[in-house]
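Working notes, beginning with the structure itself.
Just so you know, all these numbers are worked out from the coordinates, no wet-lab data involved. None of these values were measured; they are calculated from a predicted model. Backbone-built Cβ (ideal geometry, glycine too); neighbour counts: all protein chains shown.
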Amino acid sequence: MKYPLADEMLLVRGRSSFLLAARVQSSFALCIETAHEEYCQTLSIGDLVVISAPEGGALEPAAMLLELVRRFHMPLLVLPKDHPGSRRISYVVSAGEEIQTNCAIRRGTHPEQHLICASDELSGYHLRGYGEGIEITPDPDQLVVTRVHFGMHVESPQT
């Protein structure tokens, strides 16, 4: 199913979890930090940034996290496979041309950006950017898919 988007985010909601996805608006190098190395991958206009909330939660932190990566080019941190902190991660990020959801990977520990940890109900979907939006396969007919507008304006005092 294809979902046309401008600058909005696409929310894919199951009963107890969700995905939030948006298209990259400008090309940049996304740095990925692991315990042993740093590597960077180029994201191009139309590629995706996807946030997964496998146990649900508030939408606002997911939107902020998405924007930190998409607009402000914050690096991604990848924990070692058995790191105890991976159990406390509520939201995970993946970015690239195409993202596959998978419930069999441990959140926060997978550096390959074509995969993202998701709940059972959101596992097995492929999200891909296309000309003017996001395509999801197979058709998420059992899920609620909506467009989300998120804006944040911070005004600093004049000195």
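Brief remarks follow.
- Debye intensity ratio I(q)/I(0), log10, the chain, q values 0.10 Å⁻¹ (C-alpha model): -0.33
- For the chain, averaging the sequence separation of C-alpha pairs within contact (under 8 Å, six or more residues apart) and dividing by the residue count gives a relative contact order of 29 percent.
- Placed amide H near G124: partners under 5 Å, 5+ positions off or other chain: T101, N102, C103
- Ranking of R71, R128, R23 by count of other Cβ atoms within 10 Å, fewest first: R71, R128, R23
- Under 5 Å between amide hydrogens, built in the peptide plane, is the criterion, and for Y3 it picks out I134, E135, I136 among residues at least 5 positions away or on other chains.
- Summed over qualifying helices (DSSP H, 4 residues or more, each -39500 (n - 2.57)) and divided by its residue number, the chain shows a 222 nm mean residue ellipticity of -2500 deg cm²/dmol.
- If you run the Gaussian network model on the chain, springs between alpha carbon atoms under 10 Å, then out of V93, V144, V24 the most flexible one is V144.
- Around the Cα centre of the chain, unit charges on the Cβ atoms of Lys, Arg, Asp and Glu (plus for the first two, minus for the last two) sum to a dipole of about 300 debye.
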